[in-house]
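Colleague: Handing you this structure, nothing more for now.
Quick note: the coordinates plus some simple rules give every number you see, no bench work behind them. The structure presented is a predicted model; accordingly, all values stated were derived computationally and were not measured. No Cβ is skipped: glycine too gets one built from the backbone with ideal geometry, and neighbour counts run over all protein chains shown.
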Ligand code: LMR
């Protein structure tokens, strides 16, 4: 009965890792998926995470019962405070409902399913380009996905005029997806002044902001600074939605821990919204896993552990910045044609190199360097040892 099933394509991002794993070359490099690596090229478990896990293991009162449908209460409260601010009036007025979800993707999907059922406008505008999974998550939830201009290839920066024009002509009430910080794949964010203009326009057109916050702490190295865009929108008293991931900033990729927060007009609405989120979640996966959320809650609620986390997070962000400088210098010293200053200007985990799919294919074939075909490289996968090989490959790709 399944004979007719055709082979589906690999995922454009996770499929890069599949191809990388099959390559026997000793010099191969995986710069596809956005996952942090140490200078030695190894995955990193933060010390503070190890410590939290040890505490959880030693606590014999802990059991493996089901969590509530909405997840771990402490985790939800602390996650909302982390993104909205400890002193956020919205949190204090109990008008934020937060549910624990399966990392960023799960949070986006639960939010999208809720909107498809309970929000009057089904059009969502997503930036062009954006993370490859966004259109699928929203489209499969039943929303109608459109794009707004975001990136200008000629300047390798923000197309602010295009963005404002497209949001200005969006249907009233449309949902708009924003990357809270460290835009994936471009590494290009609006400035604080531009965010303010975006906010005014969005509010004047009653657009509903939906933030994807997957890199809090990775853009500036500071958790509060990286939450400014979201906080601006919450401060004006209007509604907004935030999907948070702890995959990158706490290195909890495989634990699948994230949160969806919906900021409502008042506590009464928030209570009803939560009741409906439960009806979305229960038939999908019943309730979320306990381990990752317990780690996050342990770290967030202890002042010392929180402090330790910020230091480790900053160290990851700094190492990436250092890789940017090294790659930029390596290309300059090779005299590679082109202006590569965007490598040091862009922020977050990725550099949107400007290399085209043919050049990417060449680098994979000849240099065993794996990256997404849109020319995005994960700077977190680079090390001082591997920068020269990458620079050689880029040089060869643009001069052939
Ligand atoms: C990425 O863009 O590489 C990450 O968000 C990982 C993923 O799930 O695609």
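Colleague: Per 0.36 nm of contour for each residue apart, how much would the distance between residue 155 and residue 38 grow if the chain were fully extended, relative to their Cα-Cα spacing?
Modeller: In short, 39.0 nm is gained.
Colleague: In what sequence do 372, 399, 351 fall when counting other Cβ within 10 Å, fewest first?
Modeller: Starting with the residue having the fewest Cβ neighbours, the order is 399, 372, 351.
Colleague: Something else about it: What angle, in degrees between 0 and 90 and rounded to the nearest 10, separates the Cα long axis of helix 192-204 from the longest principal axis of the Cα atoms of the chain?
Modeller: 50
Colleague: Give the percent of DSSP beta bridges with both residues in the chain that are antiparallel, rounded to the nearest 5.
Modeller: 50
Colleague: To continue, here is another question. Kirkwood hydrodynamic radius, the chain, all distinct C-alpha pairs: what's the number in Å?
Modeller: 21.9
Colleague: When the Cα centres of segment 132-209 and segment 265-292 are compared, how far apart do they sit, in Å?
Modeller: With segment 132-209 and segment 265-292 each reduced to a Cα centre, they are spaced 26 Å.
Colleague: Please arrange 371, 250, 164 by counting, for each residue, the other beta carbons lying within 10 Å of its beta carbon, fewest first.
Modeller: In order of increasing Cβ crowding within 10 Å: 164, 250, 371.
Colleague: Let me ask something else about it. Put a dot 7 Å past each Cα toward the Cβ at residue 306 and residue 164; how far apart are the dots in nm?
Modeller: Between residue 164 and residue 306, the label points sit 3.7 nm apart.
Colleague: Quick one: compute the contact order of segment 73-301, relative version, from alpha carbon pairs under 8 angstrom and 6+ residues apart, as a percent.
Modeller: 29
Colleague: Okay, moving on. At 222 nm, what value in deg cm²/dmol follows for the chain if DSSP H runs of at least 4 each add -39500 (n - 2.57) and the sum is divided by all its residues, to the nearest 500?
Modeller: -14000 deg cm²/dmol
Colleague: Now for a separate question. Run the numbers on the chain and let me know its relative contact order in percent, using alpha-carbon pairs under 8 Å that are six or more apart.
Modeller: 25
Colleague: Still on this structure, I have one more. If you average the alpha carbon positions of segment 217-246 and of segment 1-65, how far apart do those two centres end up, in angstrom?
Modeller: 26
Colleague: Where does each of 212-218, 341-347 land if you order them by average Cβ count within 10 Å, highest first?
Modeller: So the peptides 212-218, 341-347, ranked by packing, come out 212-218, 341-347.
Colleague: Oh, and also: Along the Cα→Cβ direction, 7 angstrom out, place labels at residue 10 and residue 86. What is the inter-label distance in nm?
Modeller: Once both label points are built, they end up 4.6 nm from each other.
Colleague: Something else now. I need the per residue convex hull volume for segment 73-301, using only the alpha carbons, in cubic angstrom as a whole number.
Modeller: In segment 73-301, the Cα hull volume divided by residue count equals 113 Å³.
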